[in-house]
Amino acid sequence: MTIREARPDDAPSIAEVHVRSWQAAYRGIIPDELLDGLDPERLTRMWKARLREGRAGDGVLVAQERDGVVAFAGFETTDAPRGTEGEGTRVVDLGAFYSLPSVWGSGVNQRLVTAVHSVMDGCPEDRAVLWVLSANTRARRFYEAQGWEDTGTVVERGMFGGTIVRPTALYHRPIRRPGSLP
């Protein structure tokens, strides 16, 4: 398995991972009609546009095995969420971290998150954040095992199609400069 920066031609594979991951992880949390109606072509267009833009402070990493992309992570520099510690500062937001169900528990996600942390640790911001569905206990356990901490902030968030998913918890982790102690 290799981990590398995503390219625009990875967009269809990323969209496929995105859809299959959501359908497996969020069944019973998000309405079935929303999951069943996910449009891989729409997501392909979205990911292709994002990968072409290549904005400073943004990144998408993919984990690729022999058969193709099996996981990806997307992050961007943004303003800290309103009403949270550090409001008004810049943070690195891990907005997407998804993998095919077939690689869950295989170590792929561990290697990918380690690579993501390495990239983030080179950013000038002091903190990274991510949102996770409160009911997604599998993801919460994974992030906590990787050093992410639940901030206690819980909100309702809009998803595809305007569906509100509640509650969603905010996690954070400090960004460590190269050479600093954990």
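A few points about this structure:
- Candidate set: region 87-109, residues that are assigned to a strand (DSSP E or B) and out of contact with any Gly (no Cβ under 6 Å at 6 or more places or on another chain); chosen: the one surrounded by the most Cβ atoms within 10 Å (Cβ to Cβ): V92
- Residues of region 61-113 that are free of Cβ contacts under 8 Å to residues at least 12 places away in the same chain and among the hydroxyl-bearing types (S, T, Y): S106 alone.
- Condition met for T84 (open to solvent by less than 60 Å² (accessible area, probe 1.4 Å), within 20 Å of L133 (Cβ to Cβ), out of contact with any Leu (no Cβ under 6 Å at 6 or more places or on another chain) and part of a loop (DSSP other than H, G, I, E, B)): yes
- Subset of region 124-135 (residues that are of a type outside the set (F, W, Y) and either open to solvent by less than 20 Å² (accessible area, probe 1.4 Å) or assigned to a strand (DSSP E or B) (or both)): R127, A128, V129, L130, V132, L133
The values are calculated or read from the model by the stated rules, or taken from the named source; none is laboratory data. Keep in mind it's a predicted model, so treat the numbers as computed, not measured. Ideal geometry is used to build each Cβ from the backbone, glycine not excepted, and the neighbour counts take in all protein chains shown. All accessible areas refer to the heavy atoms of the entire protein, side chains included, with ligands and DNA or RNA removed. Shrake-Rupley method; radii C 1.70, N 1.55, O 1.52, S 1.80 Å.
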